[in-house]
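See structure below.
The values are calculated or read from the model by the stated rules, or taken from the named source; none is laboratory data. Quick caveat, the model's predicted, so the values are computed rather than measured. Cβ: placed from backbone, ideal geometry, glycine included. Neighbour counts: every protein chain shown. To get the accessible areas, we keep the full protein, side chains included, count just its heavy atoms, and leave off ligands, DNA and RNA. Shrake-Rupley method; radii C 1.70, N 1.55, O 1.52, S 1.80 Å.
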Amino acid sequence: MKSWQRYAGVFLLALAGVVIQQSFWVLRLFDHGQPGSGLMPFGLGVILAVLAVILIATNLGTDAAPEPFWEPKAWVRPLLALAITVLFAWLFDDVGAITSVVVLVACWLFLVERKGALVSAGTAAATGLVVWLVFERFLQTPFPRGLLF
Amino acid sequence: MFEFAGLLQGFEVAFTPVNLMWCLIGCLLGTAVGVLPGLGPAATIALLLPISMKMGTPVTAIILMSGVFYGAMYGGSTTSILLKLPGEAASVVTCIDGYQMARNGRAGAALGVAAIGSFVAGTVGVIGMTMMAPPLAEAALKFGPPEYFSLTVLGLLLATYLTGESALKGLIMAVIGLILGCVGLDPLSGAVRFDFGITALQSNLDFVTLAMGLFGVGEILYSLEKAGAATLVTTRIERIFPTLADLARSKWAMVRGSVIGFLVGILPGGGAVLSSLVSYAVEKKASKHPEEFGKGAIEGVAGPESANNAAASSSFIPLLTLGIPGNASTAMIFAALLIHGITPGPFLIKEHADVFWGVVASMYLGNVVLLILNLPLIGIWVQLLRVPYAFMAPMIMVLTLVGVYSVNNSAFDIWVMLFMGVCGYVARKLKFDLGPLLLAFVLGPIMERSLRQALLMSNGKADIFFTHPISAALLGIAALFVLYNLRLAWRKRREAGAGAQPQQEAPQPRKE
């Protein structure tokens, strides 16, 4: 896991660089002698850079017992779930909220959890109905209208 | 001292049918969340934030969320005892002796003592809160910008050092949280910060979106890796009420646990997890039979379970009197109060007495409700463990996605939440604790406002933080705390280095 911690440290160092650059050049540290809107972010950027360097420095070398980021095939389910959720977000405005919910639950149960088509479709339809009842009818949330609802 | 009139007013608020109903729902949800491993109280409160905005009065929303928070402490013991799988972090210690008791056929006694201890400690915590909160709020009225800045610094430091495994990672997360808190409109100058040309980022990052992404989506993705490992409960619980001998043996553990939990819970970052660990260590030391610990000692269940409940109650004290949340769950409640237009802090008791005393009174009622839910109805909670996570995960995801949309009716928030969810997932994989990030995100604006106001007061001179006695004392404590921990870390490294030396002398051949 040490190498992954080092990658995290490098990412954090880059993030700190962006924060420092924005605070120093785009925002102002001081405005007419008074603390400006860039002062606190600048300080935070510097602290983050120092902490990132410490993180990298304390994770040099190799692990005594190497630990993989993912166990074999452990990435499949989270990644599949994430892809389905991205599909939901993409469909949300065009297809409508309730249809997207039905698609999300059906795909999730069928692809991620390997449930049967009938169980997946039934559960998805029931979830869509509950979301419609709770959010649209009871809480009056103005969902985007889509193709079906 | 004891504001009896205020408490009576609180009971008037808490006893209205609507508030009673939401108190019950909060306790039910909290217990369920505590029982089910994976979903913690912070994530659940995050999921409830959008719904709470649709509730009529703020007091009702806070009663619901508080119920979830302290209810989870009750429920957390169930899976610890029956499955050796903590329902939430504060019940980790209960696994040690609770599970051993269950294996010895004494699951009922362990569950009973955990519930009674939780009730006693929860009530002690609320009584302490009733007595301590008003004078503390009075004292906090003397705090100016320098004091508030120093208090937030100390609070954040304590929280980052005490909550996670690594102080360095905790600090990194806290700094990221503070930076995220700077995104959007600067409240003092009106300048737009870190928007990178995205219009939606010009208004500040939404707390609900951030919290639901990190704790909701991140948690679900993380738990998907582990899914399938859960074991169905087959344990039959014969007798739920502990015997008189059990009660006699655990009564002092409950008392000690309540006191420890109450005191540790007030500290930022102290909270339920730390208090249960401290309580377990104290019980082991105080016991006449320390050799029984780890083999099913009832004090090992009674003490920590009492401590985490007392801590859950007392962690409301800094939140409601100083406006400083001490852990992720109270940070969510802090945000809920802000969403409802109420600023937690010293003025809360005076300006929104109904909210403060209503929540306190609901906690008295909630503890009674939870005792009923957790003693005679324990069988129902055990059945809940049979619900397959396969169906729960997509439901929680739907609730998260639809919930975050409903806050601002913005599809952009869904994308931000998904991004935060991925960040939360990766952070968890790399063992970065998310609590300090959320806490810092909440405290960031208070800290920045105090810093800049203090510097304005002193014409830009930083010595204002050291010339004000309270501020100087708070910063002094923070510095001492950091130095002490650095020394501890240094010593640990040296010991580890010394321990590793013999291995270095005879290195193992490594296959490339």
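Of the accessible area of the protein assembly as shown, computed with a 1.4 Å probe over protein heavy atoms only, carbon and sulfur atoms account for 68 percent. Cross-link partners of B:Lys429 among lysines, defined as those whose alpha carbon lies under 23 angstrom from its own and excluding same-chain residues fewer than eight positions apart: A:Lys2, A:Lys73, B:Lys84, B:Lys169, B:Lys226. Spacing of the modelled spin labels on B:Asn104 and B:Thr16, each 7 Å from Cα toward Cβ, amounts to 5.0 nm. Solvent-accessible surface of the protein assembly as shown, averaged per residue with a 1.4 angstrom probe and all protein chains in place: 43 square angstrom. Applying a length cut-off of 24 Å (Cα extent along the axis) and a mean Kyte-Doolittle floor of -1.0 to the DSSP H helices of chain B leaves B:17-35, B:58-83, B:107-140, B:145-163, B:244-266, B:353-374, B:389-408, B:411-429, B:435-457, B:469-505.
For chain B, what class follows from the C-alpha gyration tensor (a ≥ b ≥ c being the square roots of its eigenvalues): rounded when a/c is under 1.5, otherwise prolate if a/b is larger than b/c, else oblate?
Details: a/c = 1.34, a/b = 1.20, b/c = 1.12.
Cα axes put chain B in the rounded bin.
Can you tell me how much longer the chain between B:Val387 and B:Leu168 gets when fully stretched, taken as 0.36 nm per residue apart minus their C-alpha distance, in nm with one decimal? List each step's numbers first, then the result.
Values: separation 219, 0.36 × 219 = 78.84 nm, distance 3.83 nm.
Roughly 75.0 nm would be gained on extension.
What number comes out for the charge environment of B:Gly10, summing +1 per Lys or Arg and -1 per Asp or Glu over other residues with Cβ under 11 Å away? In short, -3. Accessible surface buried by the A/B pair amounts to about 5000 Å², both sides summed, 1.4 Å probe. Centre-to-centre separation between the Cα atoms of the stretch B:46-63 and those of the stretch B:154-207: 24 Å.
Over the Cα atoms of the stretch B:355-454, what is the Rg over Rh ratio if Rh follows Kirkwood?
Values: Rg = 19.7 Å, Rh = 18.1 Å.
Result for the stretch B:355-454 is an Rg/Rh of 1.09.
The mean count of C-beta atoms from other chains within 10 Å of the C-beta of residues in B:178-188, rounded to a whole number, is 4.
Rounded to the nearest 20 debye, the dipole magnitude of chain B is 1200 debye, with +1 charges on Lys and Arg beta carbons, -1 on Asp and Glu beta carbons, and the Cα centre as origin.
What residues of the stretch A:53-98 lose no less than 50 Å² of accessible area with every protein chain in place versus their chain by itself (probe 1.4 Å, heavy atoms only)? Buried-area filter returns A:Phe69, A:Arg77, A:Pro78, A:Leu82, A:Thr85, A:Ala89, A:Phe92. Straight Cα distances below 15 angstrom link A:Lys115 to none of the aspartates and glutamates, with same-chain residues fewer than 8 positions distant left out. Relative contact order of the stretch A:76-138: 32 percent, from C-alpha pairs under 8 Å at least 6 residues apart in sequence. Counting only other chain Cβ atoms within 10 Å of each residue's Cβ, the peptide B:194-203 averages 1.
Each other residue within a Cβ distance under 12 Å of A:Ser120 adds +1 if Lys or Arg and -1 if Asp or Glu, for a net charge of +1. Charge tally around A:Leu80: other residues with Cβ under 14 Å, Lys/Arg +1 each, Asp/Glu -1 each, net +2.
Of the listed peptides B:484-494, B:97-107, B:380-390, what is their order by residue-averaged count of other C-beta atoms within 10 Å, with the highest listed first?
Details: B:484-494: 11.1, B:97-107: 21.4, B:380-390: 15.7.
Result, highest mean first: B:97-107, B:380-390, B:484-494.
Between the residues B:Ala328, B:Leu370, B:Ala390, the greatest Cα displacement towards the positive end of the dipole of the stretch B:310-442, with unit charges on the Cβ of Lys, Arg, Asp and Glu, is found for B:Ala390.
For the stretch B:119-148, backbone nitrogen atoms closer than 16 Å to the point 7 Å from B:Phe347 Cα along Cα-to-C-beta are found at B:137-145, B:148. Comparing each chain alone with all protein chains together (probe 1.4 Å, DNA, RNA and ligands left out), the residues of the stretch A:31-50 losing at least 20 Å² of accessible area are A:Gln34, A:Pro35, A:Ser37, A:Leu39, A:Met40, A:Pro41, A:Leu44, A:Leu48.
For the stretch A:103-118, heavy-atom accessible area (probe 1.4 Å) falls by no less than 50 Å² from the chain alone to the full protein assembly at A:Trp108. Rounded to the nearest whole angstrom, the semi-axes of the ellipsoid equivalent to the protein assembly as shown, taken from the Cα gyration tensor as √(5λ), stand at 35, 32, 30, largest first.
Placing +1 at every Lys and Arg Cβ and -1 at every Asp and Glu Cβ, with all other atoms neutral, what dipole size does chain A have around its Cα centre, in debye to the nearest 20?
For this selection, approximately 160 debye.
Shape verdict for chain A, please, from the Cα gyration tensor: rounded (a/c under 1.5), prolate (a/b greater than b/c) or oblate. Here chain A falls in the oblate category.
With a ≥ b ≥ c the root eigenvalues of the C-alpha gyration tensor of the stretch B:369-413, is it rounded (a/c under 1.5), prolate (a/b larger than b/c) or oblate? Cα axes put the stretch B:369-413 in the oblate bin. Can you tell me the relative contact order of chain B? Whole percent, Cα pairs under 8 Å, sequence separation 6 or more. Once normalised by length, the contact order is 27 percent. For B:Asn408 and B:Ala281, the FRET efficiency from 1/(1 + (r/R0)^6), where r spans their Cβ atoms and R0 equals 56 Å, is about 0.75. With θ taken as phi - 60° and the Karplus curve 6.51 cos²θ - 1.76 cosθ + 1.60 applied, the whole-hertz 3J(HN,Hα) list for the stretch A:135-145 is 7, 7, 7, 7, 8, 6, 6, x, 6, x, 7 Hz, x standing for glycine and proline. Take the Cα of A:Ala57, step 7 Å toward its Cβ, do the same at B:Lys251, and the gap between the two points is 5.7 nm. Put a dot 7 Å past the Cα of A:Ala64, heading toward its Cβ, do the same for B:Gln202, and the two dots end up 5.6 nm apart.
Taking R0 as 56 Å, what FRET efficiency do you get between A:Val76 and B:His289 from their Cβ-Cβ distance, rounded to the nearest 0.05?
Values: r = 49 Å, r/R0 = 0.87.
E between A:Val76 and B:His289, to the nearest 0.05, is 0.70.
Dipole of the protein assembly as shown computed with +1 at Lys/Arg Cβ and -1 at Asp/Glu Cβ about the Cα centre; of B:Trp490, B:Thr57, B:Val13, farthest Cα towards the positive end is B:Trp490.
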